[in-house]
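Colleague: Got a structure here, written out as structure tokens. Questions coming.
The values are calculated or read from the model by the stated rules, or taken from the named source; none is laboratory data. Remember, predicted model here, so these are calculated numbers, not experimental data. For neighbour counting, all protein chains shown are included, and Cβ atoms are generated from backbone atoms with ideal geometry for every residue, glycine included. When the accessible area is computed, the model is the full protein with side chains, heavy atoms only, and any ligands, DNA or RNA have been set aside. Shrake-Rupley method; radii C 1.70, N 1.55, O 1.52, S 1.80 Å.
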Amino acid sequence: TTEELPSCYTGDDWSGCSLQEFMDCPYNLANNRQVRMLSDLSLVGCYNLSVMPEEQRNKVLLDSAKENLKRMAFFGLTEFQRKTQYLFEKTFNMNFISPFTQYNSTRASSVEIDEQTQQRIEALNFLDMELYDYAKDLFLQRYQYMRQKEHQEARRKRQEQRKILRAKQAHLREQGENSSSTDYLGNVERWR
């Protein structure tokens, strides 16, 4: 409701709003947005802040977001495009036509802000910062697991191929020995 979530601006959108005004709004839905998008808001009474203390609310939201992220079959991280592609392809047994391209700069990275503003943004988004650290760790664990699994499968296939090759070689040797002794015995008969 508008009582639970009052508007931070006049007009239709944030147009013309300074970064400072944007950060100063206590109801700004941009703050910790990823945590809110991934968590079960019903656990904390949605946007009703009177249901539980803020510290408890933050913990419940963050834990819920982490759990939901962990349950996802797949997620990727922008700064790891190639690894994201690899995980997607292995998870869903699909291959892209061409490799993903890694872009390390974004439009936002070209905007210069001072250290104090940077710290304020991080403080306003502390839950998202913690979720990101968790997501990065989980992503890299999944990537490492998938690589190990791929290496183990390749090793298993090589061992299987060597086993088949050894069996074929043994069979050929056996046939060669049988045919050479047969040839020898046949020649002995002719020599008599």
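Colleague: What number of residues within region 13-25 satisfy the criterion of being open to solvent by less than 40 Å² (accessible area, probe 1.4 Å) and without any contact (Cβ under 8 Å) to a residue 24 or more places away in the chain?
Modeller: 1
Colleague: If I ask for residues that are over 25 Å from GLN119 (Cβ atoms) and acidic (Asp, Glu), which ones from region 13-62 would you list?
Modeller: Hits for region 13-62 are ASP13, ASP40.
Colleague: Then there's this: So, in region 102-135, how many residues would count as being over 26 Å from the mean Cα position of the chain (by Cα) and of a type in the set (Asp, Glu)?
Modeller: 3
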